[in-house]
């Protein structure tokens, strides 16, 4: 049986992290932390008080003064130390993710590994081989090549005796708002790069699974990262609004939903009654509030990722990839394939898709024979069931129905089996909204051009894939699709950290994306210096008593 970390076990409460140590909150308001497979309450998460949040910011602000002046080699070494410790404790972190978030142990270890890799790339400019299942080590590895990534530019003799050069300098106290679905990988998208470039950071993990982030804090302490450089608060919307509006926080990194997720059915009815935009949600709120407060903001939000299947694709490879990308992590990935668009005669593969999806084994994530775990919460289960019911009412055909799944021994768990909806139309709610669950919408079109038009008319632009054996079709798709991340015979085209995560349109708000060169630029400010040095005995400009020249100077 898996066990929780001591920092967030059921016999205690989840702690805050201030000045390099776990701190008990003085709050009187607590949130139940449950195991999604059983709905058993395993701990309590504090609603951080306003004074505690203020203390966390002041701690980061104080630490920034010394950390930003620490040599880049020293900062790099601390991040490298952290990478080694994460590798050492990856199973401990993965175990915690499985208990709190529900994903399988194999998937949880991938969550850890991919984040770690990004630390190493910040340490080294040459990247070692990649394991696609490892998702949180990668960014830590990436952070380790900061000595190359943070370099400025220089040009000598731009005019006589004059040179210009630039620095990339840290911007100050930053904040990270973390979603529930990748409780290890996403904070490692954020704080290693922020720290390596000389900033300090205040994190708010999801109140639904904060344990992985808290374990990472213990490892940063062991790695030698100074107290106050990283602090952690907990809470819900009050904590988010505090981060977005506090004047001492210079930048916000956010990953989360852009759809309203509470009381789903009632809210949908209100949207229809009062004509409210159903797409306005959490991500847009964070972006607008932070921007209004004058902060730099990067916000990854919702998605509706399409896979286009052409008749010349490899059938077995394609079907296997579709099932894995649609139902892995119970569909709770921002890059999950949630729409399969079959072109022409490829529609005859749909029965094979259903047969393959039926083979997915659902159960508790700590069972090594299980492929897919539970949803994060009872609310998520209710919302997704309502979405499937609504799709059926609107005319969709339920080819594979996971609504009535019962997992023996886990009857109270938040389980929904793989579900496939056919005859889906662009006007249906199941197509327009991000479901974020194990539901695959199947659509059929007559041509690649029709598939492209369908994708480009959808408001999201996070990721998309095409399965084909034709180079011409693949090239047409790449150049005409209006989506930030494109896969060719690759179902989940998440870029490795030497690139950047480049969701677009309604899937991303801001100007600079996560990790890669864009991530370094997000956490730094360009400072440009122009200098003029003359020989001491060189004549001055006004030695003859002529008036000072007030015209705009021209460099020669």
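The values are calculated or read from the model by the stated rules, or taken from the named source; none is laboratory data. Since the model is a prediction, treat every value here as computed from it, not as a measurement. As a convention, Cβ positions derive from the backbone with ideal geometry for all residues, glycine included, and neighbour counts pool all protein chains shown.
Highlighted here are the helices (runs of 4 or more DSSP H) found entirely within segment 245-355 that include at least 2 residues which are modelled with pLDDT of 95 or more, touching a helix residue (DSSP H, G or I) at 6+ places or on another chain (Cβ under 7 Å) and in the same structural domain as residue 478 (by TED's automatic domain parsing): 315-327. Within segment 475-489, identify whether any single residue is in the same structural domain as residue 396 (by TED's automatic domain parsing), modelled with pLDDT of 95 or more, touching a helix residue (DSSP H, G or I) at 6+ places or on another chain (Cβ under 8 Å) and surrounded by 23 or more Cβ atoms within 10 Å (Cβ to Cβ), and answer yes or no. The answer is yes; a qualifying residue exists.
Within the option set 442, 486, being under 25 Å from residue 357 (Cβ atoms), in a strand (DSSP E or B) and free of Cβ contacts under 8 Å to residues at least 24 places away in the same chain holds for one residue only, 486. Scanning segment 378-423 for residues that are assigned to a loop (DSSP other than H, G, I, E, B) and crowded, with 18+ Cβ neighbours inside 10 Å yields 396, 402, 407, 410, 413, 414, 415, 416, 417, 418. When residue 434 is tested against (1) surrounded by fewer than 18 Cβ atoms within 10 Å (Cβ to Cβ); (2) outside any strand (DSSP E or B), just one condition goes unmet, and that condition is (1). Residues in segment 180-205 that are farther than 19 Å from residue 20 by Cβ and crowded, with 24+ Cβ neighbours inside 10 Å: 181, 182, 183, 184, 185, 186, 189, 193, 197. Please pick out the residue among 491, 495, 418 that is within 26 Å of the chain's Cα centre (by Cα) and under 30 Å from residue 34 (Cα atoms). Going through 491, 495, 418 in turn, just one is within 26 Å of the chain's Cα centre (by Cα) and under 30 Å from residue 34 (Cα atoms): 418.
Yes/no per residue for (1) surrounded by fewer than 20 Cβ atoms within 10 Å (Cβ to Cβ); (2) in contact with a strand residue (DSSP E or B) (Cβ under 9 Å, 6 or more places away or on another chain); (3) at pLDDT below 95:
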{"position": "10", "(1), (2), (3)": "yes, yes, yes"}
{"position": "22", "(1), (2), (3)": "yes, yes, no"}
{"position": "30", "(1), (2), (3)": "yes, yes, no"}
{"position": "33", "(1), (2), (3)": "no, yes, no"}
{"position": "36", "(1), (2), (3)": "no, no, no"}
{"position": "46", "(1), (2), (3)": "no, yes, no"}
{"position": "54", "(1), (2), (3)": "yes, no, no"}
{"position": "57", "(1), (2), (3)": "no, yes, no"}
{"position": "73", "(1), (2), (3)": "yes, no, yes"}
